[in-house]
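Enquirer: A single structure is presented below for examination.
The values are calculated or read from the model by the stated rules, or taken from the named source; none is laboratory data. Since the model is a prediction, treat every value here as computed from it, not as a measurement. Please note: Cβ atoms are built from the backbone with ideal geometry, for glycine as well, and neighbour counts cover all protein chains shown. Note: areas computed on protein heavy atoms with side chains; ligands, DNA, RNA excluded. Shrake-Rupley method; radii C 1.70, N 1.55, O 1.52, S 1.80 Å.
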Amino acid sequence: MHATSALVESAQRDVHPRLQASLRRHFDSEWQQPVHAPSARAFQLLHTMLKEDARPLILDSGCGTGDSTLQLAAHFPQHWVIGIDQSAARLQRHAPHGIARIDNAILLRAELASFWRLFLAAGWHAERHFLLYPNPWPKPAQLGRRWHGHPVFPVLMNTADQFELRSNWHVYAAEFALALGHAGYAGVAAEAYDCVAPLTPFERKYRDSGHALWRVATQRA
């Protein structure tokens, strides 16, 4: 075993004291930031690709290299599994031109906050939405960069019926569980889990480095 990944370091040891206020503010107002233009163009390509095949959708947001998207697509062969990441470098292997279809998996380069708004505006809805090891933004001042502290969080909550987040930082998972409760999900908690079959390279690296791994999984009642 090669311990190649450092643990998340943060001065924050528990749920951020301003998270509840942030959630109330974002749910009480509509975020007005313009949509990222290249992401809108990429979404139009996706829309064209899928308009003739209306099978159920699964989202893999922040898919990185796309390995997780391909694994999920194999597990859900009757669905479209859409992996989205803003990094051209990470997508280079499977989607060097910014969009690629591999069987029932589609990989797309887009900025997530824009993609989610475009997804809703198109009238689409996913059965499941995976967020696997998002950037933890561990400094207390970076709460607004975490998805549950970001103004787009209410939009995110409308993209799917069922969500699963994984993280190697317990605070992030605990905060996300609390935010899901604010959004109407009941009985949600961050749970430690043993990773037998890693979905992403990060998950494999964190497991092999001896990190505790956390999962928040839920379905709207």
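Enquirer: More than 15 Å apart: what percent of Cα pairs in region 147-221 qualify?
Expert: Working: 1522 of 2775 pairs.
Above the 15 Å cut-off, region 147-221 has 55 percent of its Cα pairs.
Enquirer: Give me the log10 of I(q) over I(0) for region 71-158 at q = 0.11, 0.20 Å⁻¹, as the Debye formula computes it from C-alpha points; what are the numbers?
Expert: -0.35, -1.10
Enquirer: How many percent of the accessible area of region 1-91 is carbon or sulfur, using a 1.4 Å probe?
Expert: That share works out to 53 percent.
Enquirer: Something else about it: Could you compute how fast region 122-190 diffuses translationally, taking Rh as the Kirkwood radius over C-alpha pairs and applying Stokes-Einstein at 25 °C with viscosity 0.890 mPa s? Give it in µm² per second.
Expert: 196
Enquirer: So, in nm, how far is label Arg204 from label Trp31 when the simple model puts each one 7 Å beyond its Cα toward the Cβ?
Expert: It works out to 3.1 nm between the two label points.
Enquirer: Full-extension gain between Asp103 and Asp161, please, as 0.36 nm times their residue separation minus the C-alpha to C-alpha distance.
Expert: Length difference between fully extended and current span is 18.5 nm.
Enquirer: Give me the percent relative contact order of region 1-153, please, defined on Cα pairs under 8 angstrom at least 6 residues apart.
Expert: On the way: 209 pairs, mean separation 44.4, N = 153.
In percent, rounded to a whole number, it is 29.
Enquirer: Still on this model: Return the loop-located trypsin sites (Lys or Arg not before Pro) in region 93-192 (DSSP other than H, G, I, E, B) with at most 13 other Cβ atoms within 10 Å of their own Cβ; answer none if there are none. List each step's numbers first, then the result.
Expert: Values: sites: Arg93, Arg101, Arg109, Arg117, Arg128, Arg145, Arg146, Arg166; in loops: Arg93, Arg146.
Those that pass, being in a loop and sparsely packed, are Arg93.
Enquirer: Oh, and also: About its Cα centre, what dipole magnitude does region 112-221 give when the only charges are +1 on Lys and Arg Cβ and -1 on Asp and Glu Cβ, stated in debye to the nearest 20?
Expert: Dipole of region 112-221, to the nearest 20 debye: 300 debye.
Enquirer: Between Glu191, Glu52, Glu30, which gets the highest mean-square fluctuation from a Gaussian network model of the chain, Cα cutoff 10 Å?
Expert: In this elastic network of the chain, the residue with the biggest mean-square fluctuation among Glu191, Glu52, Glu30 is Glu52.
Enquirer: Just Val196, Val15, Val171 to compare: in a GNM of the chain, with alpha carbon springs under 10 Å, which one fluctuates most?
Expert: Largest GNM mean-square fluctuation: Val196.
Enquirer: Please work out the Cα center distance from region 166-221 to region 7-36, rounded to the nearest Å.
Expert: For region 166-221 versus region 7-36, the Cα centre distance is 18 Å.
Enquirer: A further question follows. Once label points are set 7 Å from the Cα along Cα→Cβ at both Gln44 and Glu191, what is their separation, rounded to one decimal in nm?
Expert: Here the answer is 4.4 nm between the modelled labels.
Enquirer: Tell me, what is the per residue accessible area of region 1-133 in Å², probe radius 1.4 Å?
Expert: Details: 7350 Å² over 133 residues.
Each residue of region 1-133 exposes 55 Å² on average to a 1.4 Å probe.
Enquirer: Run the 1.4 Å probe and let me know the accessible area of Met49, rounded to the nearest 10 Å².
Expert: 70
Enquirer: Sticking with this one: How many times 2.2 N^0.38 Å is the alpha carbon radius of gyration of the chain?
Expert: Its radius of gyration relative to the 2.2 N^0.38 Å reference: 0.99.
Enquirer: Among Thr65, Thr48, Thr200, which one moves the most in a GNM of the chain with springs linking Cα atoms closer than 10 Å?
Expert: Thr48
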